[in-house]
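J.: Below you'll find the structure I mean.
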Amino acid sequence: MKIDKNTINKIARLSRIKLDDKESEDYIKDLNSILDWVEQLNEVNTENVEPLSNISSSILPKREDVSKDTNSSEEILENAPDKLEGFFAVPKVVE
Amino acid sequence: MNNLIKGEKYDWEIVIGLEIHAQVKSNSKLFSSSSTKFGSSPNSQVSLVDAAMPGMLPVINKYCVEQAVKTGIGLNAKINNYSVFDRKNYFYADLPQGYQISQYKYPIVGEGKVTIDFKDGTSKDIRIVRLHLEQDAGKSLHDQNPSKTYVDLNRSGVALMEIVSEPDIRTPDEAGMYISKIRSILMYLDTCDGNMQEGSLRADVNISVRKPGDEYGTRCEIKNLNSIKFIKQAINYEAKRQIEILESGGSIEQNTMLFNTSTGKTRPMRNKEEAHDYRYFPDPDLLPLEISKEEIGKIKSSIPELPDELKNKFIETYKLSNYDASVLTAEKQTSDYFNETINSDSELKNHAKIVVNWITSELFSLLNKNNQDLNNSPVSPENLGQLVKLISTNEISGKIAKDVLEDMFSSGKTARQIVDEKGLQQVTDQGEIAKVIDEVIAENPKMVEQYLAGKDKLLGFFVGQAMKLTKGKANPKMLNDILKQKLNKKN
């Protein structure tokens, strides 16, 4: 797999990151060298091997269904750039 | 059954699949301990996990996992011992993580099926592809401020079960019946409160059209419908839209649509070019979810009687039709009410059909008219049982019984009290009825002439006159029989 200009633009758009031409070139180079390196794994035969989701052998810890009163509005909104009437206020989403 | 709809040029078949989102009825969220209570003040039930503060880690709610398994069993589905949580990546203001924790390749529940029952006694299986657990997003409010969208994160992180059907549904009615059936199963299991108005149960609908026998057409997905009425409307509109395009030589563009509930129309969502690049990958914050056979067995043994089992029991015990039994078992409160009514008097078992009719048509329509619910019906099951007994023993006629029920509904009196107080017992005395009929015949010689000349419809007129004279209390069958006899004798 090769990263080209189109791919890098798409990744940048999906990540909401703005890149200028110079940055795009740099990232194309970086990402391609990372991919080349990872591609060495293709030498291993993985036919009929299920993908591994996690390398840890421990078991997913679970909690009981107990709710804690958070009364969080003040704390949660503290870092919000804009808030109104107890809500986060964001630029109008037209949909 | 003909399920085709007519276009200008051809007959078309609609192909429908549903993705139902059912909120798990739990105290706390799927990966945090915040409360799930509906209608609290904005952002008051948001933990640092729900707000996606850096460094916070999700810890799964055991109860939510059990409810998903329970629901899977209720959908006759395969429970997977091993499932994985993935990140579904997209940007939206009410999704603070920038991704939704969901399940993609390895869902907790696999293939299953539910059965829907038609009025004509036939039924149909709708196959389920999967059920998976996922987080709900926050809520955006677009109409509170002219220049801002408001975001409330109380719903952020609440557990949802997404139930995906195969495209086995063919008509808007079937879609309605399917979601009703799912809702009914969820409510019997008590895994979701089924409240569509509050958004606890909502659906995305996939629709395509084709000529019968053809391959599936290109589909469009209508997002976020929260009533059965809207689902049917949206399907009808969208199917017509697609047929018009195809018949005028165009082709369908695969699209995500929104349904406008006030105009009844669908339109494509914006930002569609990025809509389908979710870049799923296993969430590194969560280990795979493993459930042992023993745990599944334990959950299985806790499952109550489900609508289909109850339906079969009703059919067998009371010789009810498939359709009657399915109406009775659609909601738990209805089947409970029926059970209490029919068990209130040993005689009623032989009149189950009458009991069903009085619950599902007469009582339901009174409840509807008064905006009330069966749970707090002013007419108790015992009292309804008493009324049915008065009908089945011919003590009062069905017509009078309707008035009696209305009286019971508003006054809270028993059927017996009302019948005794108002003297509503049916007249079953042959002589008395004959006397009234003689009177009617004597008073309407012209009508009798016309009747005898072949105007059969006039029979109803005579019946009506005689009923009026007996204040509706004459036994209708006897009245009819004697009337015919007397009139024909004149011939």
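We did not get these values from a lab; they are worked out from the coordinates using the rules stated. Because the structure is predicted, anything quoted here is derived from the model rather than measured. Here the Cβ positions follow ideal geometry from the backbone for every residue, glycine too, while neighbour counts run over all protein chains shown.
J.: Applying the Karplus parametrisation 6.51 cos²θ - 1.76 cosθ + 1.60 with θ = phi - 60° to the phi angles of segment B:69-74, what ³J(HN,Hα) value in whole Hz is obtained for each residue in order, glycine and proline being reported as x?
T.: With coefficients 6.51, -1.76 and 1.60, one gets 5, 4, 4, x, 5, x Hz.
J.: Is segment B:307-422 best put as rounded, prolate or oblate by its Cα gyration tensor, with a ≥ b ≥ c the root eigenvalues, rounded for a/c under 1.5, and otherwise prolate when a/b is larger than b/c, oblate when not? List each step's numbers first, then the result.
T.: Numbers: a/c = 2.12, a/b = 1.41, b/c = 1.51.
Oblate is the answer for segment B:307-422, as a/c is 1.5 or above yet b/c matches or exceeds a/b.
J.: Hey, another quick one. Where a Cα-Cα gap under 27 Å defines reach, which lysines qualify for A:K29, not counting those fewer than 8 residues away within the same chain?
T.: Those lysines meeting the cut-off are A:K2, A:K5, A:K10, A:K18.
J.: Between A:D36, A:D26, A:D69, where does the largest GNM mean-square fluctuation fall for chain A, given springs only between Cα atoms within less than 10 Å?
T.: Evaluated over chain A, the most mobile residue of the options is A:D69.
J.: So, with +1 on the Cβ of K and R and -1 on the Cβ of D and E, and no other charges, what is the size of the charge dipole of segment B:44-99 about its Cα centre, to the nearest 20 debye?
T.: So the dipole magnitude of segment B:44-99 works out to roughly 220 debye.
J.: Whole angstrom only: what separates the Cα centroid of segment B:288-339 from the Cα centroid of segment B:103-134?
T.: So the two Cα centres are separated by 16 Å.
J.: Under the rule a/c < 1.5 gives rounded, and otherwise a/b versus b/c splits prolate from oblate, where does the protein assembly as shown land using the Cα gyration tensor?
T.: Working: a/c = 2.54, a/b = 2.13, b/c = 1.19.
It is prolate, given that a/c is not under 1.5 and a/b is the larger ratio.
J.: How far is helix A:5-14 tilted, in degrees, relative to the longest principal axis of the Cα atoms in chain A, given as a value from 0 to 90 rounded to the nearest 10?
T.: Value to nearest ten degrees: 20.
J.: What does the convex hull of the Cα atoms of chain B come to per residue, in Å³, rounded to a whole number?
T.: About 219 Å³ per residue, rounded to a whole number.
J.: Need the C-alpha centroid separation for segment B:375-433 versus segment B:244-264, integer Å.
T.: 53 Å
J.: Could you please report the charge total around B:F259, scoring K, R as +1 and D, E as -1 over all other residues with beta-carbon less than 10 angstrom from its beta-carbon?
T.: Working: positive: B:K223, B:K265, B:R267; negative: B:E238.
Every neighbour counted, the sum reads +2.
J.: Assuming R0 = 60 Å, what is the FRET efficiency of B:E406 and A:A12, from their Cβ-Cβ distance, to the nearest 0.05? Could you put the intermediate results ahead of the total?
T.: Working: r = 70 Å, r/R0 = 1.16.
With a Förster radius of 60 Å, E is 0.30.
J.: So which of B:K78/B:K300; B:K353/B:K477; B:K37/B:K88; B:K181/B:K300 end up more than 22 Å apart, counting from Cα to Cα?
T.: Numbers: B:K78/B:K300 12 Å; B:K353/B:K477 19 Å; B:K37/B:K88 25 Å; B:K181/B:K300 20 Å.
Violating the 22 Å limit, Cα to Cα: B:K37/B:K88.
J.: Past 32 Å, Cα to Cα: identify those pairs from B:K25/B:K113; B:K29/B:K240; B:K70/B:K265, in the order given. Could the numbers behind the result be given before it?
T.: Details: B:K25/B:K113 22 Å; B:K29/B:K240 40 Å; B:K70/B:K265 37 Å.
The pairs that break the limit, which is 32 Å between Cα atoms, are B:K29/B:K240; B:K70/B:K265.
J.: A further question on this structure: Calculate for chain B the 222 nm mean residue ellipticity that helices alone would give, adding -39,500 (n - 2.57) per DSSP H run of length 4 or more and normalising by residue count, nearest 500 deg cm²/dmol. Write out the running numbers ahead of the final one.
T.: Values: 16 runs with 186 residues, N = 491.
One gets -11500 deg cm²/dmol as the mean residue ellipticity at 222 nm.
J.: For segment B:422-491, build the charge dipole from Cβ charges (+1 Lys, Arg; -1 Asp, Glu) around the Cα centre, then report which of B:G472, B:N488, B:A442 sits farthest towards its positive end.
T.: Value computed over the given set: B:G472.
J.: Calculate the mean, over all residues of peptide B:88-96, of how many other protein chain Cβ atoms lie within 10 angstrom of the residue's Cβ.
T.: On the way: counts 0, 2, 1, 3, 3, 6, 3, 0, 2.
What the average comes to for B:88-96 is 2.
J.: Here's another thing I want to ask about it. Given an 8 Å cut-off on Cα distances and at least 6 residues of separation, report the relative contact order of segment B:307-422 as a percent. Intermediate results must be reported in sequence, preceding the final value.
T.: Details: 109 pairs, mean separation 24.6, N = 116.
Over segment B:307-422, the number comes to 21 percent.
J.: Here's a follow-up. Dipole of segment B:5-300, Cα-centred, from +1 at each Lys and Arg C-beta and -1 at each Asp and Glu C-beta, to the nearest 20 debye? Mind showing how you got there, number by number?
T.: On the way: 39 positive and 40 negative charges, 80 e Å.
That gives a dipole near 380 debye.
J.: What number comes out for the charge environment of B:K62, summing +1 per Lys or Arg and -1 per Asp or Glu over other residues with Cβ under 12 Å away?
T.: Values: positive: A:K62, A:R63; negative: A:E64, A:D65, B:E66, B:E295.
It works out to a net charge of -2.
J.: Just want to confirm a number: the relative contact order over segment B:154-231, from Cα pairs under 8 angstrom separated by 6+ residues, in percent.
T.: On the way: 67 pairs, mean separation 18.8, N = 78.
Relative CO of segment B:154-231 lands at 24 percent.
J.: Assuming R0 = 41 Å, what is the FRET efficiency of A:E39 and B:L57, from their Cβ-Cβ distance, to the nearest 0.05? All intermediate terms of the calculation are to be shown ahead of the outcome.
T.: Details: r = 32 Å, r/R0 = 0.77.
Once the sixth-power term is evaluated, E becomes 0.80.
J.: Express the relative contact order of chain B as a whole percentage, based on alpha carbon pairs under 8 Å and six or more residues apart in sequence.
T.: Numbers: 857 pairs, mean separation 67.6, N = 491.
Over chain B, the number comes to 14 percent.
J.: Here's another thing I want to ask about it. Need one word for segment B:267-348: rounded, prolate or oblate. Basis is the Cα gyration tensor (sqrt eigenvalues a ≥ b ≥ c); a/c below 1.5 gives rounded, then a/b vs b/c decides.
T.: On the way: a/c = 4.33, a/b = 1.87, b/c = 2.31.
Note, shape of segment B:267-348 comes out oblate.
J.: Taking other Cβ within 10 Å of each residue's Cβ, how do B:E19, B:E247 sort, fewest first?
T.: Exposure proxy ranking, most exposed first: B:E247, B:E19.
J.: Can I ask one more? Within a 10 angstrom radius of each residue's Cβ in B:149-157, how many Cβ atoms of other chains show up on average? Whole number is fine. Intermediate results must be reported in sequence, preceding the final value.
T.: Details: counts 9, 8, 7, 4, 6, 3, 0, 0, 0.
That average works out to 4.
J.: Sticking with this structure for a sec: Pairs B:K399/B:K486; B:K369/B:K455; A:K62/B:K223: which exceed 27 Å Cα-Cα?
T.: Values: B:K399/B:K486 24 Å; B:K369/B:K455 38 Å; A:K62/B:K223 32 Å.
Going by Cα-Cα distance, B:K369/B:K455; A:K62/B:K223 fall outside the 27 Å limit.
J.: Would you grab the residues whose amide H sits under 5 Å from the one on B:N61? Only those 5+ places off in sequence or on another chain, please, with H modelled 1.01 Å from N.
T.: Long-range HN contacts for B:N61: A:R63.
J.: Treating only the Cβ of Lys, Arg, Asp and Glu as charged (+1, +1, -1, -1), what charge dipole size does segment B:307-422 show about its Cα centre? Round to the nearest 20 debye.
T.: Working: 13 positive and 18 negative charges, 46 e Å.
The dipole of segment B:307-422 has a size of about 220 debye.
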